[in-house]
1. Residue by residue, what Karplus-based ³J(HN,Hα) values in Hz, rounded to whole numbers, does the stretch 176-190 have, using 6.51, -1.76 and 1.60 with θ = phi - 60° and x for Gly and Pro?
2. Classify the stretch 4-135 as rounded, prolate or oblate, taking a ≥ b ≥ c as the square roots of the eigenvalues of its Cα gyration tensor: rounded when a/c is under 1.5, otherwise prolate if a/b is larger than b/c and oblate if not.
3. For the stretch 148-351, just say rounded, prolate or oblate: build the C-alpha gyration tensor, square-root its eigenvalues into a ≥ b ≥ c, call rounded for a/c under 1.5, and beyond that prolate if a/b exceeds b/c, oblate if not.
4. Under a 10 Å cutoff between Cα atoms, tell me which one of GLY332, GLY229, GLY255 has the largest fluctuation in the Gaussian network model of the chain.
5. Which FRET efficiency, nearest 0.05, do GLU68 and ARG120 yield, Cβ-Cβ r, R0 22 Å?
6. If you count only protein heavy atoms and use a 1.4 Å probe, how large is the accessible surface of VAL348, to the nearest 10 Å²?
7. With the full set of protein chains in place, find how many percent of the accessible area of the chain is carbon and sulfur; take the probe as 1.4 Å.
8. Take every Cα pair under 8 Å in the stretch 148-351 that's 6+ residues apart, average their separations, divide by the length, and report that relative contact order as a whole percent.
Amino acid sequence: MKNIEWCNDALVLLDQTKLPTQVEYIHCTDWRQVAEAIKMLRVRGAPAIGVAAGYGLILAANEANRLEAPFSEQISAFYEWSEELKETRPTAINLAWAVNRVMAIVKAGQFDAMNEVVDRITKEAIAIHKEDVELNTRMAINGATLFVGKKHLRILTHCNAGALATGGLGTALGVIRKLHEQGQLEMVYADETRPLLQGARLTAFELHEDGIPVTLETDNMAAYAMQQGLIDAIIVGADRITTQGDVANKIGTYGLAVLAKFHNIPFYVAAPYSTFDFTLKHGKDIPIEMRTDDEVLAFQGVPSAPTGIHVLNPAFDITPHDLVTAIITEEGVLTPDYQESIARLQSVVEAK
């Protein structure tokens, strides 16, 4: 099931808000449709929204090219729209990373017409997508090395860091898929992931579709599962990682890391280099997206709380680096001291 596809000058997105009961696709021919799809979680997952943003920039450049105006005005409009697209979700760094990567090429290029810009952006957007597929595969292989010689593994994961959240196999679920392929996996425990149920609607859905054994639990059952000895390791994805290894991920991740520490269970994070924010050291400096009250006050459109009450609805939380056992990347597995290992990752990436 493809969740992102560039086809005939349109971005085709699987509407993940409709899963698992309906499989519907959105055909985006305007960059504003892409921005809306990102903001409303029709496409979600840090790597996936980076890929989608790259294609959204093609649509923005196409619109600028249609303006009956000088090239200078066309490119100015394009720059403005690219900033609007980048601001749709502030926490996941992959979004800004993809937009900045494309814009750096545009600003450095010697272009005389907007159609030249469109052609160059199209090549880069496709390259970002292809690269994400390759990175997922390499992460899966690297992550599996943490479990050499182990059998009957029971892995807990949170939210959805699978194929639906990326352009390829997934980050956390990519590792899990590799373990299943190698005959090492007994069970995946998937947190339901309140309030939008990404674990129930998406993770359980794609694992079940792939024939990978999965047990669904509500978020507040994770402690019980650990206490009962049902969990051998936790693997989650990430939306942003700082230079000292603090991790922003879906709300509820921090609580899992605290529980894992208490129960002496390894806590792994799987993320590509595009999820690392090399400009930030401390997790407290990561902007946390606050979402609407309705997501908490109602359950799939049915009111589940009194109207008029206050709601706290952060989309993400921060897991401190000292709760993270290792970070799985396409360049290998990073271990503490994270400042050193992440600095080495940055050097490798920048050298390519």
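The values are calculated or read from the model by the stated rules, or taken from the named source; none is laboratory data. If you're wondering where the values come from, they're calculated on a predicted model, not measured in any experiment. Every residue, glycine as well, gets a Cβ built from its backbone with ideal geometry; the counts of neighbours run over all protein chains shown. These area figures cover heavy atoms from the full protein model, side chains too; ligands, DNA and RNA do not enter into them. Shrake-Rupley method; radii C 1.70, N 1.55, O 1.52, S 1.80 Å.
1. The phi angles translate into 4, 4, 5, 4, 5, 4, 8, x, 9, 9, 9, 7, 10, 9, 10 Hz.
2. Numbers: a/c = 1.86, a/b = 1.64, b/c = 1.14.
Prolate.
3. On the way: a/c = 1.67, a/b = 1.16, b/c = 1.44.
Oblate, since a/c reaches 1.5 and b/c is not below a/b.
4. So, out of GLY332, GLY229, GLY255, the one fluctuating most is GLY229.
5. Numbers: r = 22 Å, r/R0 = 1.01.
About 0.50, to the nearest 0.05.
6. Estimated to the nearest 10 Å², VAL348 gives 60 Å².
7. 53
8. Numbers: 387 pairs, mean separation 40.4, N = 204.
Computed value for the stretch 148-351: 20 percent relative contact order.
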